[in-house]
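The values are calculated or read from the model by the stated rules, or taken from the named source; none is laboratory data. The structure displayed is predicted, hence computed values, not measured ones. Here the Cβ positions follow ideal geometry from the backbone for every residue, glycine too, while neighbour counts run over all protein chains shown.
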Amino acid sequence: MADIFQKCLDFPDAKFVKASGLYPFFKPIASSSGSTVHYNGKPVVMIGSNNYLGLTHDKRVMQKAKEAIENFGTGCTGSRFLNGNTVLHDDLEQKLSRFIGKEETLVFPTGFLTNLGTIGCLAGPGDIILSDTENHASIIEGCRLSKATVITYRHNDMKDLEARLKEIPSDKACLIVTDGVFSMTGEILNLPELIKVKKRFPQVRLFLDDAHGLGVLGKKGEGTAGHFGLTKEVDLIMGTFSKSFASIGGFLAGPPDVVDYVRHKARSFMFSAAMPPASVATVLACLEILEAEPERLAKLKENIAIILKGFKKIGLAFLPSETPIISIFVGDEGKAFQLVKDLFENGIFTTPVCYPAVPFGQALLRTSYMATHTQAELNKVIEVFARLAPQYGILQNQVVIPKELIQQTATYNFAALA
Ligand SMILES: Cc1ncc(COP(=O)(O)O)c(C=O)c1O
């Protein structure tokens, strides 16, 4: 007899890793100051979060969130379409439009739902979506939902993208979807080249997921498109508030007609409850701080440079990066889990990146940094890696990083770190 639950009974992976004592997921944090958290009764330096600007614990941000709870309660208890819209949501959309540099913005309950709903309703059967092979899972799900024909192109490879586009009949509507900063490696999209290619194909539109570029790249943290001065050339920009903006939620920014269509068609927007008021107020406060204190971005860059310099001095096998995401090549999955455990025991909280997020046998340790990490915390990270790396064989002279992982970031200037 067939049983829908059979696959669950036959699923040994998690049980096997748990039994080995190396299961690295779902660690219950007891309390947090942002850059340091308490786990298992002791402080650990957090280098596994997306809190790039460290704003989750800014007193002004926390105060605004508290005030929103006082005024609106803890939740919206309904879709924005019906009872869940507040003046805060509308205010946030207007401010984001100005910040990103697009005419109109729509705020969703999460970034995942933004991708799911937007891609899912904009493209349809008969349309073509061109998707980078390393795009985020939420993009992949949005593509599936759309029922469009999905063609993947080699990661950040604009020659391959162009070759795929040439094969598509010119009467077909096409959407290119790509991350602006790739979440596992911190690599920045080659947007200037992508735009050059796009201009040769007038029927093509571009959708940019800038979850990890927002609050990090651009003069005011406006993201990847702003960083390259190409905001006008990108048709649609989405972002999340679950990273630099210290909250939860997502948004789509673009031309008014398109955003309005999505507002009335994206089922993940229409049939899901609105972002809680405290979460919206948090983002509004973050935007204000970002505009008033550009030095936060400078501090983040400074911290990234300290870590890159430290890792380079140790000879660690890290992937080139210009963003707060600095991944270290480990290779074997089991070794990555053991290393994460060892790092914990030495006061460092990191996260492994394993199959299926990366190809099997190419496990990474994804580390990420905040503007609010102190020099002492960063020193500790470098000191612990210097001690553990040789025994794990993760020094550059001990391991060969697959070529496709280090071809990235053409603009990266290692010499500047010397
Ligand atoms: C590139 C990218 N897009 C979208 C998302 C989804 O964002 P959210 O956490 O707001 O659902 C993430 C989150 O991990 C991401 O990294």
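Against the criterion of being within 13 Å of the ligand (Cβ to nearest atom), at pLDDT 95 or above, outside any strand (DSSP E or B) and on the phi > 0 side of the Ramachandran plot, Ala211 does not qualify. In this structure, Ala2 does not qualify as among the hydrophobic types (A, V, I, L, M, F, W, C) and part of a helix (DSSP H, G or I).
Only residues that are surrounded by 15 or more Cβ atoms within 10 Å (Cβ to Cβ) and at pLDDT below 95 were counted across the range 37-80, and they come to 1.
Within the set Thr105, Thr114, the sole residue that is closer than 20 Å to Gly249 by Cβ, assigned by TED's automatic domain parsing to the domain that holds Leu206, of a type in the set (S, T, N, Q) and in a helix (DSSP H, G or I) turns out to be Thr114.
Contact map, the range 217-232: first residue β-branched (Val, Ile, Thr), second residue part of a loop (DSSP other than H, G, I, E, B) and buried (at least 20 other Cβ atoms within 10 Å of the Cβ), Cβ cut-off under 7 Å, separation 6 or more or different chains; pairs are Thr224/Gly180; Thr224/Leu189; Thr224/Asp210; Thr224/Gly213; Thr224/Leu217.
Residues that are of a type in the set (Val, Ile, Thr) and in contact (Cβ under 8 Å) with a residue 12 or more places away in the chain are absent from the range 87-95.
Restricting attention to the range 320-351, the residues being under 21 Å from Lys301 (Cα atoms) and either modelled with pLDDT under 95 or among the hydroxyl-bearing types (Ser, Thr, Tyr) (or both) number 6.
Each residue in the range 270-292 was checked for being without any contact (Cβ under 8 Å) to a residue 24 or more places away in the chain and either within 16 Å of the ligand (Cβ to nearest atom) or of a type in the set (Lys, Arg) (or both), and 0 pass. Only one entry in Ala357, Ala273, Ala278, Ala285 is outside any helix (DSSP H, G or I), assigned by TED's automatic domain parsing to the domain that holds Asp210 and at negative phi, namely Ala273. Within the range 107-126, the set of residues being among the hydrophobic types (A, V, I, L, M, F, W, C) and away from the ligand (no atom under 14 Å from the Cβ) comprises Cys121, Leu122, Ala123.
Sort out which residues of the range 108-146 are surrounded by fewer than 20 Cβ atoms within 10 Å (Cβ to Cβ) and in contact with a Lys or Arg (Cβ under 8 Å, 6 or more places away or on another chain), and write them in order of number. Gly124, Pro125, Gly126, Asp127, Thr133, listed by residue number. Number of residues in the range 196-216 that are surrounded by fewer than 24 Cβ atoms within 10 Å (Cβ to Cβ) and either under 17 Å from Gly101 (Cα atoms) or in contact with a strand residue (DSSP E or B) (Cβ under 8 Å, 6 or more places away or on another chain) (or both) equals 6. Of the residues making up the range 237-269, those that are within 11 Å of the ligand (Cβ to nearest atom) and over 20 Å from Ala285 (Cβ atoms) are Met238, Ser268.
When the range 173-188 is filtered for residues that are away from the ligand (no atom under 11 Å from the Cβ), under 27 Å from Lys147 (Cβ atoms) and among the β-branched types (Val, Ile, Thr), only Ile176 remains.
Conditions (1) outside the structural domain of Gly250 (by TED's automatic domain parsing); (2) within 24 Å of Asn397 (Cα to Cα), marked per residue:
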position	(1), (2)
His264	no, no
Lys301	yes, no
Ile314	yes, yes
Val353	yes, yes
Arg366	yes, yes
